[in-house]
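These notes are about the structure you will find just below.
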Amino acid sequence: MPVICTIAGVLCFIYFILLLIYSGFTTVFYLIWLLMSVGFLLIGWLFRIRFFQNLPFTVRMGMILFLTVCLAFFLSVEGMILKGALTMPKEPQDYVIVLGAHVRSTGPSRALALRLDKAYEYASEHPDTIIIVSGGQGSNEPCTESSAMKQYLVEKGIPEERIVEEEKSTNTRENLIFSKELIPENVSVGIISNGFHICRALHLAESLGYQNVNGIPAKSDLATQPTNLLREFFAVVKDFWIIR
């Protein structure tokens, strides 16, 4: 066990460094890998000094039971997230909302570009679907996310008249609230986002009154996928707890 914990700690630290090299310090959530590295190394050290082995039997059994329940809960939530990332609607959607993400001076971020590539693919396969690009302008963005998204799709060949801009939102919840105002009643709606984000986006949409709504998962950035899946665990738990 000390060896396993040490290896896990070293791997978490290496991944933290690779994240910084790959995308820079774009979110404080990256620090969780540094904290996990320290935690695993500390646990490994406690095993070496036989700290756990010297605890009373009932305490050790209680700790094992608690950790087992936590692991089962974590895997259950991650299973929900992965299910959302793998499920596509069987029928063509009347409207599709593309959820915004960060825009740089050079254009859409990697995550947003993957969403837009999926939107282009879907729009090409379903020529009657209307595309809503949703996202306002953050303090560190050169323009609204919706305008950058529209330009990206138009440059790929999607006609402007098929694209509707929603340019007021600042988060996923607002994406869905303001986009809903642009959609007629009794139509089917698809939500395009990176696969890890679909589960939570659908839960939010249903809580906001969307009736016939489906997820259309885009690819995720492979290098940041472990971070995205871990962060989404906490986000899903928070949203499912607050929004019932």
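Please give the net charge around G209, taking every other residue with its beta carbon less than 12 angstrom from that of G209, where Lys and Arg add +1 and Asp and Glu add -1. Write down the numbers at each step before the final one.
Values: positive: K180; negative: E181, E185, E206.
Residues near G209 contribute -2 overall.
For every other residue with a beta carbon closer than 14 angstrom to the beta carbon of N228, add +1 if it is Lys or Arg and -1 if Asp or Glu, then tell me the sum.
After counting each charged neighbour, the total is +2.
Just the number, please: percent antiparallel of the DSSP beta bridges in the chain, rounded to the nearest 5.
Antiparallel bridges: around 10 percent, rounded to the nearest 5.
Could you name the lysines whose alpha carbon sits less than 17 Å from that of K83, not counting residues in the same chain fewer than 8 places away?
Once the sequence-local lysines are set aside, what remains near K83 is K219.
Highest mean first, what order results for 156-162, 136-142, 189-195 on Cβ atoms within 10 Å?
Working: 156-162: 11.9, 136-142: 13.4, 189-195: 26.4.
Descending packing order for the listed peptides: 189-195, 136-142, 156-162.
Can you compute the helix-only [θ] at 222 nm over the chain? Use -39500 (n - 2.57) per DSSP H run of at least 4 residues, normalise by all residues, nearest 500 deg cm²/dmol.
That comes out to -18500 deg cm²/dmol.
Mean Kyte-Doolittle of at least -1.0 and a Cα length of 24 Å or more along the axis: which whole DSSP H helices of the chain meet both?
Numbers: long enough: 2-23 (32 Å, 2.38); 31-48 (26 Å, 1.98); 57-86 (43 Å, 1.74); 225-242 (25 Å, 0.28).
Span-like helices, by this rule, are 2-23, 31-48, 57-86, 225-242.
Considering Cα pairs under 8 angstrom that are at least six residues apart, work out the relative contact order of the chain and quote it in whole percent.
That works out to 21 percent.
Given H placed 1.01 Å from N in the peptide plane, which residues other than close sequence neighbours of I97 have an amide H under 5 Å from its amide H?
Excluding prolines and chain starts, which carry no amide H, the hits are I132, G190, I191, I192.
With springs connecting C-alpha atoms under 10 Å apart, model the chain as a Gaussian network and identify which of I130, I198, I64 has the largest mean-square fluctuation.
In the Gaussian network model the winner is I64.
With the chain treated as a Gaussian network of Cα nodes joined by springs under 10 Å, which of F47, F74, F57 yields the largest mean-square fluctuation?
Between F47, F74, F57, it is F57 that shows the largest mean-square fluctuation.
Consider all pairwise Cα distances in the chain and report the whole-number % of them above 32 Å.
Tail fraction, whole percent: 31.
Provide the convex hull volume over Cα atoms per residue for the stretch 2-86, in Å³.
116
Computed from the coordinates by the stated procedures, all read-outs in this text should not be read as laboratory data. The model shown is predicted, which means the values in this text are computed figures rather than measured ones. All Cβ positions, glycine included, derive from the backbone under ideal geometry; neighbour counts span all protein chains shown.
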